Amino acid sequence: MKYTELKRADLLELANRKVFLEGQVLKVLKAEQDDTEFLAYLLKCRAKDKESRKKRLEVTKQVQQQNKDLAEAAVVKEALVIKLQDALQEAKRSEAEAQKLRDKAIEDLDVLQKKTQFELISIIVKVALAVIIGVAVLTTILYLFVLQNKLDSTIIETTWSNLFGILLTNSFSIVGTIMGVKYASKDD
């Protein structure tokens, strides 16, 4: 395709302002053989077009690479989010299990303490009863001995009577104290 002189002059004027033609139109434009100025203009336009296409191609490749990198990063991010959520759920499950184990350990300790207290109370009651029964039997044997031998029993009678009263009072006191401690140590 050939240009008229007026269009040619306009294009050359635009070139002075650093504005050049680009694109497919350069493939169809031709200069007259003797018009070296317009031929130089077209060659310059084609060179600039080639250079700008190269730059656009580089930018396109760069954008495509960045898009690819972003897509890969999004996949990695999504995988990390899923792992994080799984880890968070696992931590919650572990915390719940730890709480259950803690509660069970506290319950076992409480049962062990109550068992130990019960055993201690049982030992105290047995010893107290043994002492009470032993003193009562010994005093009774002594009193019977005095009665059989027809000895003076006035001192033994009052001692025997006082001793049984004291033993009876102390036994109730021990049992009452133990029961009070047992029921006072309950939570409710």
Q | Residue, surrounded by the most Cβ atoms within 10 Å (Cβ to Cβ), within segment 1-20, restricted to residues that are at pLDDT 75 or above and assigned to a loop (DSSP other than H, G, I, E, B) | A | F20
Q) Failed condition for L151, given (1) in a helix (DSSP H, G or I); (2) modelled with pLDDT under 80, with all others met? A) (1)
Q. Considering only segment 112-127, how many residues are closer than 14 Å to M179 by Cβ and either in contact with a helix residue (DSSP H, G or I) (Cβ under 9 Å, 6 or more places away or on another chain) or of a type outside the set (S, T, Y) (or both)?
A. 6
Q: May I ask you to list the residues in segment 21-63 that are small (G, A, S) and part of a helix (DSSP H, G or I)?
A: A40, A47, S52
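Taking the conditions exactly as written (surrounded by 10 or more Cβ atoms within 10 Å (Cβ to Cβ), assigned to a helix (DSSP H, G or I) and either in contact with a Leu (Cβ under 8 Å, 6 or more places away or on another chain) or at pLDDT 90 or above (or both)), does K92 satisfy them or not?
In short, yes.
The values are calculated or read from the model by the stated rules, or taken from the named source; none is laboratory data. Since this is a predicted model, take the numbers as computed values, not measurements. Quick reminder, even Gly has a Cβ in these numbers, built from the backbone with ideal geometry, and neighbours come from all protein chains shown.
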